[in-house]
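Here's the structure we're looking at; comments come further down.
The values are calculated or read from the model by the stated rules, or taken from the named source; none is laboratory data. Keep in mind that this is a model prediction, so the values were computed, not measured. Heads up, the Cβs are rebuilt from the backbone with ideal geometry, glycines too, and the neighbour counts pull from every protein chain shown.
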Amino acid sequence: MKLIEVKDYQEMSQVAADYLLSKVKTSQDLTLGLATGGTPKGLYEALILDHHENKTSYQHVSSFNLDEYIGLSGTHPNSYSHYMEENLFKHIDIESKNTNIPSGKAPDLEHECEEYDKKIDSYGGIDLQVLGIGSNGHIGFNEPGTSFDSNTHIVELAQSTLKANARYFDSIDEVPTHAITMGIASIMKSKEILLLASGQSKQNALKTLVEGDISENFPASILNRHANVTVIADEEALAMVKGLELLNR
Ligand code: F6R
């Protein structure tokens, strides 16, 4: 795992954007794995700004999102489909036929999961996967206890995740209890992974990621077994991590 330590959220977002843009500009054909949530918003803002200022094109880029709530249609304001449209897709020139997000309204959700993994494979896999991290170590919506062998699947969200995501809803009772998520195995197949973390709420998660054991009880710990992971984290998120050099091994 490599670490890029940055000062704050803004610098994390810009460094992540520069990292992504270097791939977008030099590849003929690029498949990105994308995340939602608070963490990548600044990254997406920086990409949009660059698109307006420098005209970087995404015509050759495809994307697969990590997850979606079950029961919300793609146009629901809290769906991840809507989030991606509002926070990135509608502002750049990526073609909508090249953007993929699992459907939380599919009539046969198991089939939707199988097809999602098949579709990723048919694109030759994900070249660069962007990840945030939950305070309990989840990546995508793979909550503690998820098998490291899991493919895209349906999950029941942990209470801590419902609480964390309630900020986007009128009340916690409105947060969907289930989601469809790329599995740990699906994520680990990505050729390269960029994990972003900012702020105090990620301190414990980063400490466990760096200093803890590799265990299904802390899903992100599997990233220690991936050959090409870069963590971009700010000073606050890294405040509890001892021996930062461990990250640059
Ligand atoms: C989002 C996702 C989640 C988030 C994580 C952190 O697509 O897969 O794993 O990355 O919950 O969320 P934020 O960034 O809101 O702290």
Could you give me the residue pairs with C-beta distances under 7 Å whose first residue belongs to segment 206-221 and is farther than 14 Å from residue 133 by Cα, whose second residue is polar (S, T, N, Q) and in a helix (DSSP H, G or I) wherever it lies, and which are 6+ apart or on separate chains? 212/221; 213/221; 214/221; 214/224; 215/221
Those residues of segment 133-149 which are of a type outside the set (A, V, I, L, M, F, W, C) and surrounded by 21 or more Cβ atoms within 10 Å (Cβ to Cβ) amount to 134, 137, 138, 140, 142, 143, 146
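Residue check: is residue 74 of a type outside the set (Ser, Thr, Tyr), within 16 Å of the ligand (Cβ to nearest atom) and either more than 21 Å from residue 234 (Cβ to Cβ) or crowded, with 21+ Cβ neighbours inside 10 Å (or both)? Outline the logic, then answer.
Working: of a type outside the set (Ser, Thr, Tyr): yes; within 16 Å of the ligand (Cβ to nearest atom): yes; either more than 21 Å from residue 234 (Cβ to Cβ) or crowded, with 21+ Cβ neighbours inside 10 Å (or both): yes.
Criteria met by residue 74.
So which residues in segment 97-111 are under 19 Å from the mean Cα position of the chain (by Cα) and assigned to a helix (DSSP H, G or I), if there are any at all?
Filtering segment 97-111 down to residues under 19 Å from the mean Cα position of the chain (by Cα) leaves 98-104.
Hit for segment 97-111 is 98, nothing else.
From 116, 83, grab the single residue that is assigned to a helix (DSSP H, G or I) and within 11 Å of the ligand (Cβ to nearest atom).
Details: 116 fails: within 11 Å of the ligand (Cβ to nearest atom).
Answer to the check: 83.
May I ask you to verify whether residue 222 is crowded, with 16+ Cβ neighbours inside 10 Å, farther than 16 Å from residue 137 by Cβ and among the β-branched types (Val, Ile, Thr)?
Details: crowded, with 16+ Cβ neighbours inside 10 Å: yes; farther than 16 Å from residue 137 by Cβ: no; among the β-branched types (Val, Ile, Thr): yes.
No; evaluated as a whole, the condition is false for this residue.
Could you pull out the residue among 32, 3 that is buried (at least 19 other Cβ atoms within 10 Å of the Cβ) and within 16 Å of the ligand (Cβ to nearest atom)?
On the way: 3 fails: within 16 Å of the ligand (Cβ to nearest atom).
Among 32, 3, only 32 is buried (at least 19 other Cβ atoms within 10 Å of the Cβ) and within 16 Å of the ligand (Cβ to nearest atom).
Here's the yes/no breakdown for (1) touching a helix residue (DSSP H, G or I) at 6+ places or on another chain (Cβ under 8 Å); (2) modelled with pLDDT under 95; (3) away from the ligand (no atom under 12 Å from the Cβ); (4) part of a helix (DSSP H, G or I):
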{"position": "12", "(1), (2), (3), (4)": "yes, no, no, yes"}
{"position": "22", "(1), (2), (3), (4)": "no, no, yes, yes"}
{"position": "25", "(1), (2), (3), (4)": "no, no, yes, yes"}
{"position": "42", "(1), (2), (3), (4)": "yes, no, no, yes"}
{"position": "47", "(1), (2), (3), (4)": "yes, no, yes, yes"}
{"position": "51", "(1), (2), (3), (4)": "yes, no, yes, yes"}
{"position": "58", "(1), (2), (3), (4)": "yes, no, yes, no"}
{"position": "68", "(1), (2), (3), (4)": "yes, no, no, no"}
Subset of segment 119-132 [touching a Leu at 6+ places or on another chain (Cβ under 6 Å) and either buried (at least 24 other Cβ atoms within 10 Å of the Cβ) or assigned to a strand (DSSP E or B) (or both)]: 128, 130, 131
